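This report refers to the structure that appears directly beneath it.
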Amino acid sequence: MPSLKEIKTRIASVNSTRKITSAMKMVASSKLHHAQIAIQNMLPYENLLEHILKAFLASRQEAESPFEIGHKDVRKVALMVFSSNSSLCGGFNSNIIKMMQQTVDEYKQQGIDDIIIYPIGRKIAEKAVKFGLRCAGNFTELAEKPDAKQCAEVSKELSAKFLKGEVDKVEMIYHHFKSAGSQVLTRKCFLPIDLSTEIGSDNDRDLSSNMATAKAQEYLRKKKQKEQSNVEEVKPLNDDFIVEPNLEIVLKTLTPKLLNLMVYTALLDSNASEHAARMVAMQTATDNADELLRDLSLQYNKSRQQAITNELLDIVGGSVNN
């Protein structure tokens, strides 16, 4: 049985660790709030741009974009994989690495060996090098501080390779942010543009809270449904667009913008998911530390009481002998 000094030292150590995890949870919560605001500011622009472009491509027969047409033979594939630069965020990075490996194995089983990785994040870049995969560059800074301009540069590079035939297909692997307590691992086709997806299908995010517990999420979901039932139904957007100067120029302008925004959106989702995962992990670690402190305090009190009892027995035994 450990001595009182050893238990006391262990309590001090766990208490110190608890302070660290609690502080990290608060920092992650603050960063998550800023990431949610960034997504919220971007959503109106994304929704309208996606609606206009997909309405053109899907409803007008003369509307055709080179980014919409897939290559007949898929021999060269590019994967944009989003991870974090640091750890202590639960299974966030391990899930991304696992899906990347599964995707690479899937293509290799189809006879496709020419695979290039665009690793956005230090963790995925290190694993890609370890697995012997070909990487396109270093995007560590982009994963730390999301920047729309750098995302546009990555999108333009991939778009140019797709049009030249240097890449036949481009996919994105990232965590789609739904709420502070739910991040969905997503594998999405970037090029060619997929028109089968419903407009606004990814707009299921809850950006109103940083709470990650199940009870809090259920309460917010019911409250949101109640508020929506009291709001009048919004009229659908008019799809009867007037195109000037012509459809070809409009599509040539809008399509690259949508592709740029897709990369930026995935990066913001991944960034918010990282902070949410870290917040949950640090909250779990803090709760475990609290439980461990209770057990150690109980053990310390028992040991102290046992020591006092032994001393009393020695004193009583000595007085009886005298």
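Show His51, His176 ordered by accessible area, largest first, where the area counts protein heavy atoms only and the probe is 1.4 Å.
Descending accessible area places them as His51, His176.
Taking 32 Å as the cut-off for C-alpha to C-alpha distance, list the pairs among Lys19/Lys178; Lys54/Lys164; Lys8/Lys123; Lys108/Lys164; Lys164/Lys188 that go past it. List each step's numbers first, then the result.
On the way: Lys19/Lys178 29 Å; Lys54/Lys164 24 Å; Lys8/Lys123 38 Å; Lys108/Lys164 23 Å; Lys164/Lys188 22 Å.
From Lys19/Lys178; Lys54/Lys164; Lys8/Lys123; Lys108/Lys164; Lys164/Lys188, over 32 Å: Lys8/Lys123.
Express the carbon and sulfur contribution to the solvent-accessible surface of the stretch 134-190 as a percent, rounded to the nearest whole number, probe 1.4 angstrom. Numbers along the way, then the final one.
Details: 1240 of 2700 Å².
The value for the stretch 134-190 is 46 percent carbon and sulfur by accessible area.
Students often get this wrong: which residues of the stretch 277-298 have the backbone nitrogen under 17 Å from the point 7 angstrom along Cα-to-C-beta of Thr309?
Of the residues in the stretch 277-298, 298 have backbone N under 17 Å from the label point off Thr309.
Please give the charge dipole size of the stretch 10-102, origin at the Cα centre, charges +1 on K and R Cβ atoms and -1 on D and E Cβ atoms. Round to the nearest 20 debye.
Around 800 debye, computed over the stretch 10-102.
Would you work out the Kirkwood radius for the stretch 37-138? I mean one over the mean of 1/r across all pairs of different Cα atoms, in Å.
Value: 16.5 Å, from the Cα pair sum.
Can you work out the PRE-style zone for Lys257? Point 7 Å along Cα to Cβ, and I want the residues of the stretch 22-47 with backbone N under 20 Å.
39-47
Suppose the chain between Lys72 and Gln101 were pulled fully straight at 0.36 nm per residue; how much longer would it get relative to their current alpha carbon spacing?
Working: separation 29, 0.36 × 29 = 10.44 nm, distance 2.47 nm.
Net length gain for the segment: 8.0 nm.
For Ile249 and Gln110, calculate 0.36 nm times their separation in residues minus their Cα-Cα distance, and state this gained length in nm to one decimal.
Values: separation 139, 0.36 × 139 = 50.04 nm, distance 3.76 nm.
Here the answer is 46.3 nm.
Just read off the accessible area of Met24 with the full protein assembly in place, 1.4 Å probe, to the nearest 10 Å².
60
Tell me, in nm to one decimal, what length is gained between Glu166 and Lys5 on full extension, where the rule is 0.36 nm per residue of separation less the Cα-Cα distance?
Difference between extended and current length: 51.2 nm.
Rounded to the nearest Å, what's the spacing between the alpha carbon centres of the stretch 149-189 and the stretch 70-123? Just the number, please.
Spelled out, the Cα-based centre of one part sits 11 Å from the other.
The values are calculated or read from the model by the stated rules, or taken from the named source; none is laboratory data. Keep in mind that what you see is a predicted model, and the values were worked out from it rather than measured. Heads up, the Cβs are rebuilt from the backbone with ideal geometry, glycines too, and the neighbour counts pull from every protein chain shown. Heavy atoms of the whole protein, side chains included, go into the accessibility calculation; ligands, DNA and RNA do not. Shrake-Rupley method; radii C 1.70, N 1.55, O 1.52, S 1.80 Å.
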